[in-house]
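First comes the structure, then the notes that go with it.
Just so it is clear, none of the values below were taken in a lab; they were calculated from the coordinates. Not measured: the values here are computed from a predicted model. A quick note on method: Cβ atoms are made from the backbone with ideal geometry, for glycine too, and the neighbour counts reach across all protein chains shown.
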Amino acid sequence: MYRSLSIDPDKCTGCLQCEMACSYEYEGVFNPAHSRIKVFTFHQEGRFVPYTCTQCADAWCQHACPVDAIRVDAETGAKEIKENLCVGCKVCTIACPFGTVNYNHDRGKVLKCDLCGGDPACARACPTQAITYVDGDWAGYEKMRAWAARTDNATHA
Amino acid sequence: MRHVIVGRGPAGVVAAETLRAHDRASEVLLIGDEPGPAYSRMAIPYLLARQIREEGTWLRHDTTHFERQRVGQLETRVEALNAESKTLALANGTTLDYDRLLLATGSSPVDPPIEGVDLPRVHHCWTLEDAHHIMESAEAGSRVVLMGAGFIGCIIMEALKLRGVRLTVVEAGDRMVPRMMDQVAGNLIKQWCIDQGIEVCTSTRITRIEPGDEGLWLHCEPGEPMQADLVVVATGVRPNVGFLQESGVEIGNGIRVDAHQRSSVDDVYAAGDVCEGASWQGGRGVHAIQPMAVETARVAALNMVGREATHVGSLDMNVLDTLGLISVSYGQWMGVEGGDSASLLDERSGRYVKLRFDGDHLIGGITLGITEHVGALRGLIQSRRHLGVWKKHLMENPTRFMEAWVSTVP
Ligand SMILES: Cc1cc2nc3c(=O)[nH]c(=O)nc-3n(C[C@H](O)[C@H](O)[C@H](O)COP(=O)(O)OP(=O)(O)OC[C@H]3O[C@@H](n4cnc5c(N)ncnc54)[C@H](O)[C@@H]3O)c2cc1C
Ligand code: SF4
């Protein structure tokens, strides 16, 4: 069983440490604009929701890729972009119903969460344990996937 | 049990892998008439732009992949299907039996009905072979005319431009990508192309192509004749169903399939560009796009191995990069009667969003200049989410679609 990112929005204070850590991990700079995890702020409700890829088992992005550039890491189960193969066509960005695969202009490639190879920087950086990296498939993922599964064109009867 | 798949494009390949994943024992055979390893048409623009080599277009990079999956491959053309005897007549003179058959033969470009389209240096841009012809003639400084500014035309426009050619685009419709973008977005894309040094003639038809001493002469209406070293034709495609004429398989605009991707004939399925199936919004249609090719292929394959899977209908979705200007369209971006519409145009930043609603459901949309979280539009449309209070927020500011999605996930 793979480990997964567990997100508890109720604990999130909106400090954006996760975004900073993610950006630093990948780009070497502290710039939330480069982060693969995003914290959404709902001012009226005073609510913060960190959000990133759920590493679906049957991943829309992976199926849609025309050149086999999205691969499953055997150890973490993460769906990873192979930059040397990605042609930057962006089909994965429209196929993923979670909106968590994004195109990066400067690189001409797409970006998505790959669980940092098994030691996610966002979870390490979160001071309130709103993001943790836990054993087993987190139930929250299941809910999200079930939700997005309603988008699946191949719903099993 | 022998599963036979005709067509080695994305639909055929994904179906073969799905069959194997769920059925270790049966024989799986993949037949295709194009030479070389299975490849993706979608990667052709990047080959033209010299961003990848031919290997970069392959659907699977491990050359032993199909062998390891025990998927047999046969390079030949299927000439006819006899559904009664459950056999295929092959171009190499032999016949082949099948137990279950998947037709994934894709589509082919259609020639516009004008004189001169068969001249040398007039090419489609559909296969790797076409790409090689284009690469021979599209050198820096050469004069290239692109016929058709639809989705495929616009996709290869960027690649041609990156080869350094002098490019003119001729489109019969009144704007660019007329079936994917509204007037506002289509015109913004047109202006953008003009700014990038491409000559764009909309509402213009090429009526005849003639050979000349120095290249080809193209006669236009309206307008003066123009000269070209190369003409690339991208004026539409049609499903490859010719070999099914005597087969009894029901054909509409493509091979007609039900929600399980079954054709009208027992044990014959169809998927990808060649099939006409249910559309997400109701009704039927041919949805000739990569994501739907692989999704219909998965459904077909699951049913072929006896796992009932249902296709809930194909949602149109396209993303286009026109020399750096990125546009996306989903579903019923043109709207429905009585439905609300919200749009926001920021000319300074070149960003545009338009959303279409039916009651408090999102049913389609267009974005221009936006690369972040666009997939959430799909999530919102296909989960048929009641937007509730978010309908109002989105009417006020349609760029907030990702927040709408995040806040509606339980
Ligand atoms: C330049 C270009 C860019 C594109 N860009 C995009 C894009 O950005 N996004 C997108 O969604 N889509 C894009 N498309 C469309 C996309 O490539 C198709 O939707 C996709 O290839 C469909 O897959 P398929 O497997 O159904 O058919 P195909 O890929 O066409 O494969 C069918 C195969 O079957 C073979 N075949 C046909 N008849 C027979 C026969 N009788 N016997 C044996 N073999 C046969 C064909 O030769 C072909 O190899 C693009 C297409 C082109 C040409
Ligand atoms: S953008 Fe890259 S990873 Fe995404 S579908 Fe295209 S080639 Fe594959």
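A:R3's amide H: which non-local residues (gap 5+, or another chain) put their own amide H closer than 5 Å, with H modeled 1.01 Å from N in plane and none for Pro or chain starts?
A:G136
Can you list the trypsin sites (Lys or Arg not before Pro) in the range B:299-384 that are in a DSSP coil and have 10 or fewer other beta carbons within 10 angstrom?
The qualifying sites are B:R348.
Please give the net charge around B:I370, taking every other residue with its beta carbon less than 11 angstrom from that of B:I370, where Lys and Arg add +1 and Asp and Glu add -1.
So the surrounding residues net to -1.
Cut-off under 16 Å on the C-alpha distance; same-chain residues fewer than 8 positions from B:K391 excluded. Which aspartates and glutamates are left, in chain and number order?
Output for B:K391: B:D340, B:D358, B:D360, B:E403.
In the range B:57-205, if every C-alpha pair distance is counted and binned at 5 Å from zero, what percent goes to each bin?
All Cα pairs considered, the percentages come to 2, 7, 13, 15, 13, 13, 10, 9, 9, 6, 2, 0.
For a quick check: with amide H placed at 1.01 Å from N, whose amide H comes under 5 Å from B:L102's, ignoring anything fewer than 5 positions away on the same chain?
Excluding prolines and chain starts, which carry no amide H, the hits are B:V4, B:I5, B:V6, B:Y269.
Of all DSSP beta bridges located in the range B:1-135, what percent are antiparallel, nearest 5?
Of all bridge pairs located within the range B:1-135, approximately 35 percent are antiparallel.
How many percent of Cα pairs in the range B:30-118 exceed 21 Å?
Cα-Cα pairs of the range B:30-118 separated by over 21 Å account for 51 percent.
Starting at the first residue of the range A:16-25, write each ³J(HN,Hα) from the Karplus equation 6.51 cos²θ - 1.76 cosθ + 1.60 with θ = phi - 60°, in whole Hz, x for Gly and Pro.
Ordered by residue, 3J(HN,Hα) equals 6, 4, 5, 5, 4, 5, 5, 4, 5, 4 Hz.
Once amide H atoms are placed 1.01 Å from N in the peptide plane, what residues at a sequence separation of 5 or more from B:S279, or on another chain, have their amide H within under 5 Å of its amide H?
B:R284, B:G285, B:S314
What is the sum of charges around B:H123, taking Lys and Arg as +1, Asp and Glu as -1, for the other residues whose C-beta is under 15 Å from the C-beta of B:H123?
Here the charged neighbours net out to -3.
If the only charges are +1 at each Lys and Arg Cβ and -1 at each Asp and Glu Cβ, what is the size of the charge dipole of the protein assembly as shown around the Cα centre, to the nearest 20 debye?
That gives a dipole near 1300 debye.
Identify which of A:C18, A:C92, A:C116 has the largest mean-square fluctuation in a Gaussian network model of chain A, with springs joining Cα atoms closer than 10 Å.
Of the options given, A:C116 has the highest mean-square fluctuation.
If each residue of separation counts as 0.36 nm, what is the full-extension length gain between B:N92 and B:E372 once their alpha-carbon separation is subtracted?
Contour length minus Cα-Cα distance gives 95.8 nm.
Give or take rounding to whole Å, what are the principal axis extents of the alpha carbon atoms in chain A, in descending order?
For chain A, the Cα spread along each principal axis is 42, 39, 33 Å.
Do the sum for the protein assembly as shown: with -39,500 (n - 2.57) for every DSSP H run of n ≥ 4, divided by all residues, what is the mean residue ellipticity at 222 nm, to the nearest 500 deg cm²/dmol?
About -6500 deg cm²/dmol.
In whole Hz and in residue order, list the ³J(HN,Hα) couplings for the range A:42-52 that follow from phi through the Karplus curve 6.51 cos²θ - 1.76 cosθ + 1.60, θ = phi - 60°; x for Gly and Pro.
10, 3, 4, 8, x, 10, 10, 10, x, 8, 8
When chain B is treated as a GNM, springs tying every alpha-carbon pair under 10 Å, which of B:C220, B:C275, B:C154 comes out with the largest mean-square fluctuation?
Of the options given, B:C220 has the highest mean-square fluctuation.
Residue by residue through B:401-407, how many Cβ atoms from other chains fall within 10 Å of the Cβ on average?
5
From the Cα gyration tensor of chain B, with a ≥ b ≥ c the square roots of its eigenvalues, which class applies: rounded if a/c is under 1.5, or else prolate if a/b is larger than b/c, or else oblate?
oblate
Inside 10 Å of the C-beta atoms of B:379-385, what's the mean count of C-beta atoms belonging to other chains? Please list the in-between numbers first.
Details: counts 11, 3, 2, 7, 6, 2, 2.
Counting Cβ atoms of other protein chains within 10 Å of each residue's Cβ and averaging gives 5.
Please give the average number of partner chain Cβ atoms lying within 10 Å of the Cβ of each residue in B:292-300, rounded to a whole number.
On the way: counts 3, 3, 10, 7, 2, 2, 5, 5, 1.
Whole-number average of other-chain Cβ neighbours for B:292-300 is 4.
For the range B:302-361, rounded, prolate or oblate, judged on the Cα gyration tensor with a ≥ b ≥ c (square roots of eigenvalues), a/c < 1.5 rounded, else prolate if a/b > b/c?
Oblate.
So, counting K/R as plus one and D/E as minus one, what does the shell of residues with Cβ under 13 Å around B:T399 add up to?
Once all neighbours under 13 Å are counted, the net charge is -1.
Hey, how many Å between the Cα centroid of the range B:282-298 and the Cα centroid of the range B:193-229?
Their Cα centres are 34 Å away from one another.
Given bins 20 angstrom wide, list per bin the percent of all Cα-Cα distances in the protein assembly as shown, short to long.
The calculated distribution, bin by bin, is 20, 53, 25, 1.
For the peptides B:113-121, B:168-176, B:127-135, what is the packing order when you average, over each peptide's residues, the other Cβ atoms within 10 Å and list the highest mean first?
Going by the mean number of other Cβ atoms within 10 Å, highest first, we get B:168-176, B:127-135, B:113-121.
Percentage of Cα-Cα pair distances in the range B:122-233 greater than 16 Å, rounded to whole percent?
56
Residue by residue through the range B:357-369, what is 3J(HN,Hα) from phi via Karplus (6.51 cos²θ - 1.76 cosθ + 1.60, θ = phi - 60°)? Round to whole Hz and write x for glycine and proline.
Whole-Hz 3J(HN,Hα) from phi for the range B:357-369: 10, 10, x, 10, 9, 7, 10, x, x, 9, 10, 9, x.
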